[in-house]
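The structure appears below as C-alpha cells.
Every read-out reported here was derived from the displayed coordinates using simple, explicitly stated rules and does not represent laboratory data. Note that this is a predicted model, so its numbers are computed, not measured. Counting neighbours? That spans all protein chains shown, and the Cβs are built from the backbone with ideal geometry, glycine included.
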Amino acid sequence: MFSRILTAKSTPSSSEAQTSIDRLLKALDTTEVVVVGAGSGLSTSAGFTYDGQRFEANFADFIARYHFADMYSGGFYPFATLEEHWAYWSRYININRYIDAPKPVYDDLLRIVGKKDYFVLTTNVDHCFQKAGFDKKRLFYTQGDYGLFQCSRPCCNKTWGNSRAIRQMVEQQQGMRIPTALLPTCPNCGAPATTNLRADDTFVEDEGWHQAAERYSNFLRTRAGLRTVYLELGVGYNTPGIIKYPFWQMTAKNPKATYACINAGEALAPREIEPQSICINADIGEVLAALR
C-alpha cells in the first residue's frame with residue numbers, strides 16, 4: 001500500500017522540533033479521539049533500561065558467571081536448572097513489573113490523554129499504564145504481562161497472577177538459585193509454569209486478552225471517521241504489523257486523522273500520509289513533558 005519512501009528521517013533542529021510539538025499540541029487539543037500505540041521505547045524513556053547501571057546493579061552475579069551483555073539477552077539463556085532460571089527471571093520480573101518506573105513519563109502521558117476519548121494498544125508487558133492510573137478497560141496488552149504465569153504446555157487458556165510467587169523467589173534465592181519448593185507449576189495439570197509472554201506458539205490468549213481485543217476492535221469501529229490522533233510512542237520495527245502499519249493504514253483512510261510518531265531516531269512516516277503526519281525525533285519523556 002505504501003511506498004518505500006519515508007519522511008522525516010533526519011534529526012530536526014530545536015526550532016523544527018518545537019514547531020512539531022506545537023502542531024501536535026494543537027492536534028491533541030482539537031481531536032475527538034486519541035489512539036495510543038506504545039512500544040518499548042516508551043518504557044525506556046521512563047527509565048526501564050535493560051543494560052548499563054540498572055542491569056549491573058541487579059544482576060552482577062549472573063554477569064560475572066555468564067558474561068551477559070544486557071538483561072534481555074540473559075532472559076534467553078538455557079540455564080541448566082529451573083531453580084537458576086527462576087532466580088534470574090524473578091529478579092527480571094520484579095524490577096520490570098513490580099517496581100515503579102524511575103521517571104514520570106507514563107504519568108505525563110495520562111495527564112495529556114486522560115480526559116480524551118482514548119484507547120491504548122501496547123506491546124509492552126511491564127504494566128506501567130495501569131500503575132500510572134490508566135483505565136484498565138481502555139488498555140490492550142497484545143504481547144502478555146510479566147505479572148502473569150501460564151502453563152508451559154499449555155494445557156488450558158488460563159493465566160494467574162504471580163506477585164506473591166515472584167516476591168518469594170527474590171527474597172529466598174541463594175547462590176543464584178531459588179528453593180525447589182518455589183518452582184511455579186500449573187494448578188490444572190502440574191506442568192512447569194512459565195511467563196505469559198508472546199515468545200512462541202504456546203502463548204496463552206486468556207479470557208481477559210480476548211475481552212481487551214474486542215474492546216479495542218469495538219473502539220476503532222465506533223470511532224471510524226472521527227477526528228483522531230494516532231499517537232505512536234517508541235514503536236520500532238520488531239513487530240510493526242501490530243501498531244505501526246495499522247496506524248499508517250487507518251490514517252490514510254481517514255482525512256480527519258493525524259499520525260503522530262515520537263521516537264528518538266526512528267520517527268518516520270510514509271510519503272502517502274506526510275501531510276497528516278507529525279514525526280518528532282526526540283526523547284519521548286521530554287516531548288510529553290513539553291506537551292503537558
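Observations on the structure shown:
- Note on the chain: Kirkwood radius taken over Cα pairs, Stokes-Einstein applied at 10 °C and 1.306 mPa s, translational D equal to 78 µm² s⁻¹.
- Under the criterion of Cα pairs below 8 Å and six or more residues apart, the relative contact order for region 63-203 equals 26 percent.
- Fewest-first sequence of Phe119, Phe203, Phe68 by Cβ atoms within 10 Å of each Cβ: Phe203, Phe68, Phe119
- Legend: residue pairs Lys115/Lys158; Lys26/Lys115; Lys103/Lys136, Cα-Cα distance threshold 23 Å; pairs beyond threshold, Lys115/Lys158.
- Rounded to 5, the percent of DSSP beta bridges in the chain classed as antiparallel: 30
- Computed [θ] at 222 nm, helices only, for the chain once each DSSP H run of length n ≥ 4 contributes -39500 (n - 2.57): -11500 deg cm²/dmol
- Test item: Cα-centred dipole of region 152-292, Lys/Arg +1 and Asp/Glu -1 on Cβ, debye: 360
- For the chain, a crude dipole built from +1 on the beta carbon of Lys and Arg and -1 on the beta carbon of Asp and Glu, taken about the Cα centre, is about 720 debye to the nearest 20.
- Loop sites in region 218-260: chymotrypsin sites (Phe, Trp or Tyr not before Pro), DSSP, at most 13 other Cβ within 10 Å: Tyr237
- Take every pair of alpha-carbon atoms less than 8 Å apart whose residues are at least six positions apart; their mean separation over the length of the chain yields a relative contact order of 28 percent.
- Label-to-label distance, His67 versus Cys155, with points set 7 angstrom from Cα along the beta-carbon direction: 4.1 nm.
- Basic side chains Lys and Arg get +1 at the Cβ, acidic Asp and Glu get -1 at the Cβ, and with that the dipole of region 43-170 about its Cα centre reaches some 560 debye.
- Legend: ranking of residues His127, His67 from fewest to most surrounding C-beta atoms inside 10 Å; resulting order His67, His127.
- Projecting the Cα atoms of Leu226, Asn188, Gly74 onto the charge dipole of the chain, computed from C-beta unit charges around the Cα centre, puts Leu226 farthest toward the positive end.
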